[in-house]
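Some notes on the structure that comes next.
The values are calculated or read from the model by the stated rules, or taken from the named source; none is laboratory data. Everything numeric in this text was worked out from a predicted model, so none of it was measured. A quick note on method: Cβ atoms are made from the backbone with ideal geometry, for glycine too, and the neighbour counts reach across all protein chains shown. These area figures cover heavy atoms from the full protein model, side chains too; ligands, DNA and RNA do not enter into them. Shrake-Rupley method; radii C 1.70, N 1.55, O 1.52, S 1.80 Å.
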Amino acid sequence: MDLLQQICARAKANKQRIVLPEATEERTLRAADKVLADELADLILIGNPEEIAKLAAEWGLPHIGKATIIDPENNEKSEEYAQLLAELRKKKGMTIEQARELVKNPLYLGCMIIKTEGADGQISGALSTTGDTLRPALQIIKCAPGITCVSGGMLLISKQQQYGENGVLVVGDVAVTPMPDAAQLSQIAVCTAQTAKSVAGFTDPRVAMLSFSTKGSATHEVVDKVIEATKLAKELDPALKIDGELQADAALVPSVGEKKAPGSAIAGHANVLVFPNLEVGNIGYKLVQRLGDAIAIGPILQGIARPVNDLSRGCSVEDIYYMVAITACQAMDAKK
């Protein structure tokens with residue numbers, strides 16, 4: 001069973017309630033039908049029920065009737081949600097009139113459903129920008145305890161099974177925070193290790209804080225940041241297995257790790273890689289994906305109290321289907 005099959009099996013074994021706020025979008029509705037047919041998750045679709053039913057019939061999607069459908073323009077809980085949203089945002093000056101309009105926005109409505117424990121996670125992005133996806137999540141659901149920065153993790157599945165966890169690596173940040181400071185980088189490390197557990201199923205995440213230096217082989221302020229972030233990550237999660245600063249080869253290759261960082265329990269054995277900034281992370285994973293013929297799954301948003309994930313606007317039906325399973329696995333972990 002490959003990693004994606006394992007993720008789907010975990011999702012099926014403990015079904016979560018996932019909101020799809022772009023329910024009239026064709027790829028989203030087709031993915032929803034497959035999710036419901038396979039009993040991967042319980043779905044809440046946001047949109048006009050008549051339009052969704054019409055589109056399901058037009059596209060031959062027989063399972064959509066199994067979903068809960070909420071009409072944002074005619075929702076019996078609209079006033080309840082508006083009052084709560086206005087209370088949550090009153091320090092930012094939000095009025096009840098503004099809140100009443102916002103809870104008609106499917107992205108805000110989905111987050112309000114999660115906030116009031118009516119759902120466990122949300123996925124959007126087939127139609128919406130990353131900013132539009134993140135804004136309501138951060139305003140309503142907010143960050144997980146002890147976390148102030150959101151980041152993007154990525155699963156990399158390589159044919160080189162001697163690296164990582166039988167060829168699987170979890171890396172971050174590849175999507176959100178361009179230039180993290182040491183405190184933010186430490187949070188990215190902790191959150192990426194958590195993604196390794198909840199999504200990739202790693203029982204023993206081993207985190208390498210990457211740099212162009214290994215254990216003082218070079219000196220620079222950006223190296224100092226990685227060293228400080230490693231220290232802060234250990235304080236944030238004392239049980240975390242982490243080391244840095246490490247070059248990529250020292251993190252992954254046992255013989256190199258032993259030579260460059262003797263005595264390190266992580267060097268040569270890392271299965272979680274934390275990049276020093278977004279530029280390095282985004283370029284790095286795309287090089288591995290294209291030149292190394294690796295499978296890249298994500299980005300998976302990290303650091304939000306309940307999972308809210310962002311799709312590429314070029315996503316496929318398959319991408320959405322698997323993101324439902326990933327979000328479900330994150331949701332299970334968030335409840336612990």
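Below, the figures for the structure above:
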| read-out | value |
| --- | --- |
| Integer Hz, Karplus 6.51/-1.76/1.60 couplings in order for the range 97-110, x for Gly and Pro | 5, 5, 5, 4, 6, 5, 6, 8, 6, x, 5, 6, 4, x |
| Cα-centre dipole for the range 198-336 with unit charges at Cβ (Lys and Arg positive, Asp and Glu negative), debye to 20 | 160 debye |
| Unit Cα scatterers, Debye sum, the chain: log10 I(q)/I(0) for q = 0.12 Å⁻¹ | -0.82 |
| Label-point separation, LYS335 to LEU287 (7 Å along Cα→Cβ), nm | 4.2 nm |
| Backbone HN-Hα couplings from phi across the range 31-40 [Karplus 6.51/-1.76/1.60, Hz, Gly and Pro as x] | 5, 4, 4, 5, 4, 5, 5, 8, 6, 7 |
| Fraction in percent of alpha-carbon pairs per bin - 5 Å, the range 253-325 | 3, 12, 15, 18, 21, 14, 8, 7, 3, 0 |
| The range 129-216: trypsin sites (Lys or Arg not before Pro) falling in loop per DSSP and having at most 11 other Cβ within 10 Å | LYS159 |
| Of ALA57, ALA189, ALA250, the one that fluctuates the most in a GNM where the chain has Cα springs shorter than 10 Å | ALA57 |
| 13 Å beta-carbon shell around ASN14, net charge (K/R +1, D/E -1) | +2 |
| Under-5 Å amide H pairs with ASN309, H placed in peptide plane, nonlocal only | GLN122, ILE123, SER124 |
| Taking the chain and dividing mean pair separation by its residue count, relative contact order in percent (alpha carbons under 8 Å, at least six apart) | 23 percent |
| Dimensions (Å) - the range 1-158, Cα atoms, principal axes, largest first | 50, 41, 26 |
| Within the chain: Cβ-based charge dipole about Cα centre, in debye rounded to nearest 20 (Lys, Arg +1; Asp, Glu -1) | 640 debye |
| 1.4 Å probe accessible area per residue over the chain, in Å² | 45 Å² |
| Among ARG313, ARG17, ARG30, residue whose mean-square fluctuation peaks in a GNM of the chain (springs only between Cα atoms under 10 Å) | ARG313 |
| From phi via Karplus (6.51, -1.76, 1.60), per-residue ³J(HN,Hα) for the range 64-77 in Hz, x at Gly/Pro | 4, x, 7, 7, 7, 10, 10, 8, x, 8, 8, 10, 5, 9 |
| Given LYS34/LYS91; LYS90/LYS234; LYS225/LYS286; LYS77/LYS336; LYS234/LYS335; LYS159/LYS231, the pairs whose alpha carbons are separated by over 31 Å | LYS34/LYS91; LYS90/LYS234; LYS159/LYS231 |
| Accessible carbon and sulfur surface of the chain relative to its total accessible area, %, 1.4 Å | 51 percent |
